[in-house]
Amino acid sequence: MLYKVPLLLSPQPEGGFTVTSPLLPELVTEGNTVEQALANVRDALAALIEIYEDLGRALPANMTVDDTDRATVVIAR
């Protein structure tokens, strides 16, 4: 299953980035580079989806992407 999740990458004064999502407030991760932060998002999202399933909570409906043949990452600045 593919998911579309809006992300906010916030630069940190000490370096690196904190990543959050307005759609999933529980999703919080970080990384030293943008690439590392986005890689960490994948792990954090997988864990969060598992938690939602364990709790019987539904993910926001607008997160699901029907086209499972390809994934697209869009980063707006």
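Just so it is clear, none of the values below were taken in a lab; they were calculated from the coordinates. For clarity, every value in this text was computed on a predicted model and none was experimentally measured. Here the Cβ positions follow ideal geometry from the backbone for every residue, glycine too, while neighbour counts run over all protein chains shown.
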Taking 48, 23 and counting other beta carbon atoms within 10 angstrom, the fewest-first order is 23, 48
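Take each of the peptides 5-13, 25-33, average the number of other beta-carbon atoms within 10 Å over its residues, and list them starting from the highest. Could you put the intermediate results ahead of the total?
Details: 5-13: 12.6, 25-33: 14.3.
The peptides rank, most packed first, as 25-33, 5-13.
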